[in-house]
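Have a look at the structure below before the remarks.
Readers should treat all values here as calculations from the given coordinates under stated rules, not as data from a laboratory. Since the structure is predicted, the reported quantities are computational estimates derived from the model, not experimental observations. Neighbour counts run over all protein chains shown; Cβ positions are idealised from the backbone, glycine included.
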Amino acid sequence: MLSRVAENLYWMARYVERAEDTARLISVNSNLLLDMPARAALSWSTLIDITGSEETFDALYTERSERNVIDFLCLSREHSGSILSSLANARENLRTTRDVVPREIWEELNQCYLEIQEQTQTGLKPRHRDPFLKSVVRACQTLTGLIEGTLSHTEARTFLSLGRHLERADMTTRILDVRSDNLLPRSPEELIPFEHLQWMSVLKSLTAYQMYRQAVRLRVRGPDVLRFLLQDHDLPRSVLRSLEEVSWELQTLPNHDRPLAVATLVRAEVAEADVQTLARAPEQLHQLIDEFQIGFNNLHEAIAGAYFVVRPVKTASAQERTLGDDDD
């Protein structure tokens with residue numbers, strides 16, 4: 001497979017996964033704010049922190065109001081991480097490589113982008129938000145299903161899987177980092193009001209609530225949620241499972257020594273984390289998640305160095321959070 005084709009497929013999968021995760025995050029946050037009392041310390045600003053786009057947002061808007069945050073994360077063309085921009089970039093990457101995937105995958109992605117683009121003409125009104133977000137999630141899931149059900153087990157499928165699972169791991173850690181900072185107590189005596197609802201929102205934002213109840217069979221608690229989302233081997237969106245998928249896919253590729261070694265190292269760091277201790281020390285958890293994300297950046301760079309076209313590289317953090325702008 002040509003290096004450029006592999007790179008485009010990898011980023012196409014990352015963009016689609018990010019669009020789906022962003023839609024889920026907005027939907028769950030909307031429902032959580034409806035359930036919480038007005039005095040609760042929650043706001044739309046949290047979503048900007050989760051996506052790591054503070055500087056870009058502040059350059060475009062004067063306040064972090066609900067309307068501005070929704071516009072920024074859903075329909076902004078200036079923000080490369082919005083749902084619209086993510087799907088536009090995914091569409092462009094697939095357009096140049098669509099001869100290696102079934103036609104139905106291209107048609108689904110193209111249709112999804114065109115429908116969402118229509119929303120930019122009138123904006124996203126509150127009463128249309130929920131159907132819009134559900135349509136994004138459904139379209140992204142349909143794309144993933146088409147890939148799983150129609151694409152042969154070739155290198156094209158491998159690079160799509162690498163992009164999808166690395167993006168999942170990154171988004172899961174970002175959600176945990178920002179949410180746990182507000183939810184984990186600083187002392188054993190400290191009780192967080194409405195903690196149960198908020199940890200449920202963390203699980204639901206990753207479509208993990210029902211699987212958590214089946215696996216843990218206890219009420220929703222912070223330490224259990226952290227362990228489940230970081231280290232569960234069976235949950236498709238857990239960080240450990242995503243990294244295991246990356247490792248398995250890398251083993252099918254030639255020249256995999258360097259990226260596989262990095263993936264193994266990051267996976268070991270996640271598996272060996274002492275979640276019970278971290279649950280009592282939010283500052284340590286934040287530091288560890290920062291290390292995980294540095295590891296994800298290193299893993300991305302190892303994959304890019306082994307399989308993609310060599311070009312001037314940005315810093316690791318910029319490479320990840322600008323969504324691979326060099327690929328457009």
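When the Gaussian network model of the chain links Cα atoms closer than 10 Å, the mean-square fluctuations of S86, S27, S152 top out at S152. Note on the chain: helix-only mean residue ellipticity at 222 nm, from DSSP H runs of 4+ residues weighted -39500 (n - 2.57) and normalised by residue number, equals -23500 deg cm²/dmol.
Taking GluC sites (Glu not before Pro) in DSSP loop conformation with at most 16 other Cβ atoms inside 10 Å as exposed sites, the chain has its longest uninterrupted site-free stretch at 79-188. Each Cα pair under 8 Å and six or more residues apart adds its sequence gap; the mean of these over the residue count of the chain is a relative contact order of 24 percent. Counted by neighbouring Cβ atoms within 10 Å, the residues T62, T264 run from fewest to most as T62, T264.
Among K204, K125, the ranking by other beta carbons within 10 Å of each residue's beta carbon, starting with the fewest, stands as K125, K204. Per-residue Karplus couplings for segment 239-244, computed as 6.51 cos²θ - 1.76 cosθ + 1.60 with θ equal to phi - 60°, are listed in order as 5, 5, 4, 4, 5, 5 Hz, Gly and Pro entered as x.
So which chymotrypsin sites (Phe, Trp or Tyr not before Pro) in segment 209-272 end up in coil per DSSP with only 13 or fewer other C-beta atoms within 10 Å?
When the chymotrypsin sites (Phe, Trp or Tyr not before Pro) of segment 209-272 are filtered for loop state and at most 13 Cβ neighbours within 10 Å, nothing remains.
Counting other Cβ atoms within 10 Å as a rough exposure proxy, the listed residues M211, M171, M200, M12 run M211, M200, M171, M12 from fewest neighbours to most. Extension gain for A261 to T120 (0.36 nm times residue separation, less C-alpha to C-alpha distance): 46.4 nm.
The label point for L2 and the one for A215, both projected 7 Å from the Cα toward the Cβ, are 4.1 nm apart. Here R103 and E148 are evaluated by their C-beta separation; at R0 = 22 Å the FRET efficiency comes out at 0.85.
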